[in-house]
Structures are given as structure tokens and as C-alpha cells.
């Protein structure tokens, strides 16, 4: 049987290379011969694909035979029309692409499989056409089949891209759903869900809440309106690389390290930390230990109102800032004076005046906590360096 021409040496454009729109009698005879040889072409093409493409072992013979019939039908229709179809017109290519995608055959192998199939059809066109067509008609018929091959390639690649995008989107939604369920404490920890997220039953994880998505870390948008715009996720305890991802120039709250069964409780603690840290205007990565008593500032409204009313409301701003500087400087008057750029005696005078107005006692732990509490609430107490608060 004659060998098919090299596709790289064949014309790729239908302009000027397609047959006349009305098939000649000799061409009609060739088409009839191809149709009579359908079963033989089908069997030979299928055998050749199986022999040359191991990936096709997962494709049932009936399915591969059917795709060969579709290929031959497209070839015959193109010869009758005198023109190759446009890629978007190739329903046969779309069917083949979907079938192969569903069984996991890479697009490159699909294209090779089609080229193998069309080469068999091409060989029969040349063999059967030599006694029937003149040389010009035979060259045009050969060129037309390569145009069909190009159109098939374009359609299959486009369909695969669409299917892969849909598959990726579906997988992403499935991961998000599984992660939401785990963070809500309502997930059934089946092997499929764990594999989908790359999680282990034997590991401990920290739930986290972040103000924005964190690159490289799977997280989901919070559906808790009280959190505002926030994202929740999991990071493995002891994973220094994973924890490093969280340091992303934003407010991130990390819950307690727990097994997956406790992920819901870890998420709840992270949410509480996040709400407080963001309300305080903090940036960085924080845990419950970092915030400590500050977690109660926005949870105990009556206490906060009392402290603010006593230590800040109706008090001169200069006096309040002096007390804040004194606390920031470790209750060291000379350092506070240096920070405020005033004389030491000025700081002492202001502190005495503040004590007269509020009853503040610098030796009373309760008063110290109350003043810190009030200053944090109104945003006057300067945050410690972020590095001191990071996990």
C-alpha cells in the first residue's frame, strides 16, 4: 500500500488547493470505493492506533472503531464538498475529544491517534484514487485530507482547553466545599476529602483568618458577615514554610493547633483573634496568646465603656498621649520625655494632673490594665513591633 505524503510537505490552506465544489465522476467513484472499504479501513486504523499508542489501551475497541468511522465520514464529506470544514464545524472532533478526555488520555496522544487514523484513510485514498483520478486531482485530494487534519487538531485542542478549565473549576469548588466543612467542624473526614485537600488525620493544623487571599495557601472566603471581608484556611502545625506564607503584609489570625476533628474550634479562636486584631488596626500574624486580655475589649462593651469613660473621655489629649508614651516606654519617665521631646518634669507634671482628673494610681495593677484597655480601644496605644507578636 502506498505511503501517505509527509504532512509537513502538504499544503495547509484550503485556498487554491481544494477540489471543485461539484465532484467529478471519477471522484464520486473514489468516494464509493472508500465507503465500500469502510470496515477494512476501520479495522486497520484501529489496529494501528492500538499498536502505536499504548495510552489507547483504556479505550474500548467499539469506541475507537466509531471514531475511525467519524473520521472517514468527515474525509468523504470534505472530498464531496471540495473543502475542509472549519474547526468549529467538526462535531466529530468534539465527540472524540470528550471521549478521550473522560478516560484520561492526554491531548497530545489524541492528536497522534487521529494522525494515525487519518494516515490510514489517506493511504486508501491514494491507493484507490490512482486508477481513477489524474495527478492534479489526486494531489488536491491529498492536500484536502491534511486540511481536515489541521481542522481536527484545532478543534480537539480547543475542546480540551474548555474541558480542563471546567475540570479545574469543579475541583477548586470541591476543595473549597471540603475546606469549608472542615473549618465549620461539620465535615465527615473521609479519605477522598482528605486527599483532595492534601491533609492527614495524624497531623495537627492551625486554622487561620486573613484579610485577603494568601498566595500558595488554599483558603476560602468567609461566609460570616461579622468578619467582613476575610478568608479562612488551614496550615499544618510545625510547617515553617506554610507559616511563612502567612506573613504577607496584612492582618492574619492563627487559631490553636489541633487535629482535624478540632479544626472548627481552631477556626472559632482564629475568628475571635482576627476580629480584635483588625479592630485594633494591627498588621501581622497573631494568635490568641499575642492578644491576651485584648480579646475582651470588643467582647465586654460595659467594661470598655467604663474604662474609656474614666481614663480618656473628657481628658485633655496631651495628658492622654503622655500616659500612652509612659506605658510604651515601660513606665520609664525619662524615656517617655525623650519620646515626647519635653522635659522630664513636664512629664511628671502631666502625669500628676492626669491622676488628679481620673484617680489613676500608677501602682495599681487594675488601673494599669484599665488604662491600657481604654487606650487600645481608642487606638492610642502604639503597637509593639510586629515581629514580637508573630508566631
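Output the residue which, of all residues in the stretch 254-295 that are free of Cβ contacts under 8 Å to residues at least 24 places away in the same chain and over 27 Å from residue 181 (Cβ atoms), is surrounded by the fewest Cβ atoms within 10 Å (Cβ to Cβ).
292
Are any residues in the stretch 350-382 more than 20 Å from residue 304 (Cβ to Cβ) and either surrounded by 14 or more Cβ atoms within 10 Å (Cβ to Cβ) or in contact (Cβ under 8 Å) with a residue 24 or more places away in the chain (or both), and if so, which ones?
Residues satisfying the conditions are 350, 351, 353, 355, 362.
Let me spell it out: the conditions are (1) at pLDDT 90 or above; (2) assigned to a loop (DSSP other than H, G, I, E, B); (3) within 29 Å of residue 234 (Cα to Cα), and residue 286 meets all of them except one. Which number is the exception?
(2)
Do we have any residue at all in the stretch 54-63 that's under 24 Å from residue 136 (Cα atoms), surrounded by 19 or more Cβ atoms within 10 Å (Cβ to Cβ), assigned by TED's automatic domain parsing to the domain that holds residue 153 and free of Cβ contacts under 8 Å to residues at least 60 places away in the same chain? First the steps, then the outcome.
Of the residues in the stretch 54-63, the ones under 24 Å from residue 136 (Cα atoms) are none.
The answer is no; no qualifying residue exists.
Working only within the stretch 303-315, note down all residues that are outside any helix (DSSP H, G or I) and either surrounded by 14 or more Cβ atoms within 10 Å (Cβ to Cβ) or in contact (Cβ under 8 Å) with a residue 60 or more places away in the chain (or both). Don't jump to the end; show me each part of the working.
Within the stretch 303-315, the first condition is being outside any helix (DSSP H, G or I), and the residues that meet it are 312-315.
Within the stretch 303-315, 312, 315 meet the criteria.
Got a sec? Which of 145, 179, 183 is in contact with a strand residue (DSSP E or B) (Cβ under 8 Å, 6 or more places away or on another chain) and touching a residue at least 60 places away in the same chain (Cβ under 8 Å)? Lay out the reasoning, then the answer.
Values: 145 fails: in contact with a strand residue (DSSP E or B) (Cβ under 8 Å, 6 or more places away or on another chain); 179 fails: touching a residue at least 60 places away in the same chain (Cβ under 8 Å).
The unique qualifying residue is 183.
For residue 318, which of the numbered conditions (1) part of a loop (DSSP other than H, G, I, E, B); (2) touching a residue at least 12 places away in the same chain (Cβ under 8 Å) fails to hold?
For residue 318, the failing item is (1).
Could you list, in sequence order, the residues of the stretch 258-283 that are in contact with a helix residue (DSSP H, G or I) (Cβ under 9 Å, 6 or more places away or on another chain) and not in a helix (DSSP H, G or I)? So that I can check it myself, show each step before the final result.
So the first thing to find is which residues in the stretch 258-283 are in contact with a helix residue (DSSP H, G or I) (Cβ under 9 Å, 6 or more places away or on another chain), and the list is 258, 260, 263-264, 266-267, 269-280, 282-283.
Correct list: 258, 280, 282, 283.
The values are calculated or read from the model by the stated rules, or taken from the named source; none is laboratory data. What you are looking at is a predicted structure, and each value in this text was computed from that prediction instead of being measured. Glycine also receives a Cβ, built like all others from the backbone with ideal geometry; neighbour counts cover every protein chain displayed.
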